[in-house]
Amino acid sequence: MPRIALKSLVASAAAATAIAAASLTLAPTRHAAAEAEGLYINAVDLVIVPAEMPKFLEAIKENGANAVKEPGCRTFNISVQQSNPNHVFLYEVYDNAAALEAHRQTPHFKKFAATTKDMVADRVVHALSAVAMNSK
């Protein structure tokens with residue numbers, strides 16, 4: 001990957017992580033803070049081979065839809081960076097790290113991994129601990 005593209009990816013990953021961290025540190029209610037304790041967040045920055053983007057999105061949507069049916073998965077959000085349509089950001093929330101590992105052992109995840117292995121040009125994974133989760 002060209003150095004400038006890697007620099008851009010690192011900068012966007014840092015920005016996404018900062019945004020996720022900032023959203024977690026907003027003043028929580030007691031209830032929100034209590035529920036966040038122990039949650040495990042898997043935030044993933046992906047650069048997808050441009051020609052493979054439609055197939056990748058189809059596969060990740062299927063994986064995410066199945067993931068939220070799992071007992072330990074609370075959220076599986078898929079976003080595409082507006083300024084770089086080949087940059088996908090995943091924001092997954094699990095009860096704990098074991099729930100994420102259980103997700104990785106499911107048939108639907110293994111299918112996703114096999115289907116997309118040659119579609120991903122770069123991947124940066126951020127393992128995060130929840131401090132507070134705020135939503136309406």
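Looking only at segment 109-119, how many residues end up being crowded, with 16+ Cβ neighbours inside 10 Å and either part of a helix (DSSP H, G or I) or of a type in the set (Val, Ile, Thr) (or both)?
Counting residues in segment 109-119 that are crowded, with 16+ Cβ neighbours inside 10 Å and either part of a helix (DSSP H, G or I) or of a type in the set (Val, Ile, Thr) (or both) gives 4.
Taken over segment 83-108, the criterion of being in contact (Cβ under 8 Å) with a residue 12 or more places away in the chain, in a helix (DSSP H, G or I) and within 15 Å of the chain's Cα centre (by Cα) is satisfied by 97, 99, 100, 103. In segment 78-97, the residue that is surrounded by the most Cβ atoms within 10 Å (Cβ to Cβ) out of those that are in contact with a Phe, Trp or Tyr (Cβ under 8 Å, 6 or more places away or on another chain) and either at pLDDT below 95 or more than 16 Å from residue 124 (Cα to Cα) (or both) is 94. Cβ separations smaller than 6 Å between residues 6+ apart or across chains give the following pairs from segment 44-73 residues that are assigned to a strand (DSSP E or B) to residues that are among the small types (Gly, Ala, Ser): 45/13; 47/121; 73/67.
Here 12, 8, 23 are screened, and the one residue that is under 14 Å from residue 130 (Cα atoms), modelled with pLDDT under 95 and outside any strand (DSSP E or B) is 23.
The values are calculated or read from the model by the stated rules, or taken from the named source; none is laboratory data. Nothing here was measured: the structure is a model prediction, and the numbers come from that model. Note: ideal-geometry Cβ built from the backbone for every residue, glycine included; neighbour counts use all protein chains shown.
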